[in-house]
């Protein structure tokens, strides 16, 4: 099986790695510090958001007008501490990444998080040494997701036309960004019941056979057949 894509680009938070659990613990602590309770409704609103959008949302949620940047700085410190404790891969993520690399398809990562956060998360997950041909973060572009900049930059660095590349995403802003870049988009919603418009394919996890099939990638035989 040969992939028809010139490049495949993964999102990080909630798609490749379950950093969302680290974010949730940090967000819970932040809300407690400011006398409030972090709920799933808050999580659904924040997931996939850029720093700037998250700052605005946190001001509204915590009713702390003008404190958005300070709240994001505080949250950043908290989540960096949580990431050190561990960030497990999402189901099927490592197997799919290994298969993409084995197929010889250029592979990138495009994240709305900061370079500092992404580098730490990849290091903790032991994915920092050559697993990705390019890593693009929010620090590297003018406009984060849902703008297409991150994916346009990743494709350019991989010498691939966005129209001949695929993106893997878990949130509406991420899908919108990849779609705006002109890519084939596979959505694997972090919350299964999250409606995501604009995806070329929606799957329950990266382990879903439809994902590898859509990418034209053969997964390694796990050896559990008869």
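The values are calculated or read from the model by the stated rules, or taken from the named source; none is laboratory data. Predicted model only: the values in this text are computed from it and were never measured. Neighbour counts run over all protein chains shown; Cβ positions are idealised from the backbone, glycine included.
Structure data summary
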{"item": "Within region 145-160, tally of residues that are assigned to a helix (DSSP H, G or I) and closer than 14 Å to residue 113 by Cα", "result": "3"}
{"item": "Condition met for residue 14 (touching a residue at least 60 places away in the same chain (Cβ under 8 Å), under 24 Å from residue 124 (Cβ atoms) and assigned by TED's automatic domain parsing to the domain that holds residue 182)", "result": "yes"}
{"item": "Residue within region 145-154 that is crowded, with 23+ Cβ neighbours inside 10 Å, at negative phi and over 15 Å from the mean Cα position of the chain (by Cα) present", "result": "no"}
{"item": "Number of the exception - residue 73 against (1) more than 30 Å from residue 215 (Cβ to Cβ); (2) touching a strand residue (DSSP E or B) at 6+ places or on another chain (Cβ under 6 Å)", "result": "(2)"}
{"item": "Flag if residue 69 is closer than 19 Å to residue 21 by Cβ and either touching a helix residue (DSSP H, G or I) at 6+ places or on another chain (Cβ under 9 Å) or surrounded by 16 or more Cβ atoms within 10 Å (Cβ to Cβ) (or both)", "result": "no"}
{"item": "The lone exception for residue 20 - which of (1) in a helix (DSSP H, G or I); (2) at pLDDT 95 or above it fails", "result": "(2)"}
{"item": "Number of positions in region 64-85 that are outside any helix (DSSP H, G or I) and in contact (Cβ under 8 Å) with a residue 60 or more places away in the chain", "result": "1"}
{"item": "Answer from 100, 118, 105, 9 - the residue that is in contact with a strand residue (DSSP E or B) (Cβ under 6 Å, 6 or more places away or on another chain), part of a helix (DSSP H, G or I) and either modelled with pLDDT of 95 or more or more than 30 Å from residue 133 (Cβ to Cβ) (or both)", "result": "100"}
{"item": "Complete set of residues in region 121-144 that are closer than 23 Å to residue 91 by Cβ and in a helix (DSSP H, G or I)", "result": "121, 122, 123, 124"}
{"item": "Hits in region 101-123 (condition: over 14 Å from the mean Cα position of the chain (by Cα) and crowded, with 23+ Cβ neighbours inside 10 Å)", "result": "105"}
{"item": "Contacts under 7 angstrom Cβ, first residue in region 190-211 being under 19 Å from residue 179 (Cα atoms), partner exposed (fewer than 14 other Cβ atoms within 10 Å of the Cβ), 6 or more apart", "result": "201/210; 203/210"}
